[in-house]
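Undergrad: First the structure, which I've put down as structure tokens, then a few questions once you've had a look.
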Amino acid sequence: MFLYAANIGRMLLEMRKQNDANLGASNTALLVIDVQNDFCPGGHLAVEAGDTIIGPINQMIAGAQNVVATQDWHPQGHSSFASCHPDKAPFEAIEMHYGVQTLWPDHCIQGTKGAAFHKSLQVDAFQMIVRKGFRKAIDSYSAFFENDHKTITGLDGYLRNRQIDTLLLVGLATDYCVAFSALDAASLGYKVAVVMPACRAIDLGGSLAAQITAMGDSGIELLDYVPN
Ligand SMILES: [Zn+2]
């Protein structure tokens, strides 16, 4: 009886996996967030083990009908860089005109190697690349809105036009650009899942736990496996 129940449980789990994450569906897109050199080991704002997610992401790309990517893309002297604020160090926070902003090391400067996608990433599959953070006075974590939560990137219009209503998110970093994108997507009405094994976090002052709670509270599914 126990074995029977365990088998049924496993079958249900497999069904759930297939139902929840059908990357081959026309209404579903894989959203690859900021898998760029500066966020990988050796980069200017390296996320620990950031490059270890590239294999699983490529595996998902291979089975996906729709693939969209974001690219952090800052001008020199961007206002989110600590180097632009006297007496401030990276990872300190300041008050900007749109709210609290964490300051970062200079990173992902337009046209530099650090801003390029990691060389192992299957970039040829990207159907759309959303560049964000190109306005000097405002940062942009989310793929949908800049950090004032008002300025749009255009991604929502693109996805709606293509009748895509379900998103699977992967990339860097779990607790910043992935989480902000997932939360905005959920608030815009998309069905959202974050593939946790294909993300890595910065985890600054408890940011990872806070964002996991926020995403759970917003109905975002946190997958602990890599769908294909
Ligand atoms: Zn940035």
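Undergrad: Compute the whole-percent fraction of alpha carbon pairs in the chain spaced more than 22 Å apart.
TA: Percent of Cα pairs beyond 22 Å in the chain: 50.
Undergrad: Just need the relative contact order of the chain here, percent rounded to a whole number, with Cα pairs under 8 Å and 6+ apart.
TA: Worked out over the chain, it gives 23 percent.
Undergrad: Dimensions of region 22-98 along principal axes (Cα, Å, largest first)?
TA: Computed over region 22-98, the largest-to-smallest principal extents equal 50, 29, 19 Å.
Undergrad: Amide H of Ala201: which non-local residues (sequence gap of 5 or more, or other chain) have their own amide H closer than 5 Å, using H built in the peptide plane?
TA: Thr174
Undergrad: Determine the percent antiparallel among the DSSP beta bridges restricted to the chain, to the nearest 5.
TA: That works out to approximately 20 percent antiparallel.
Undergrad: Which angle from 0 to 90°, rounded to the nearest 10, does the C-alpha axis of helix 207-217 make with the longest principal axis of the chain?
TA: Here the helix axis deviates by roughly 50 degrees.
Undergrad: Please give the peptides 202-214, 90-102 ranked by average Cβ packing (other Cβ atoms within 10 Å per residue), highest first, as a rough proxy for protection.
TA: My ranking of the peptides, most packed first, is 202-214, 90-102.
Undergrad: I would also like to ask the following. Can you pull the semi-axes for region 62-190, root of five times each eigenvalue of the Cα gyration tensor, sorted largest first, whole Å?
TA: Value: 26, 18, 12 Å, ordered largest first.
Undergrad: Under the definition of Cα pairs under 8 Å and six or more residues apart, what whole-number percent is the relative contact order of region 57-142?
TA: 40
A short reminder: the numbers here are calculations on the coordinates, not readings from a lab. Keep in mind it's a predicted model, so treat the numbers as computed, not measured. Cβ sites come from the backbone with ideal geometry, for glycine too, and all protein chains shown count toward neighbours.
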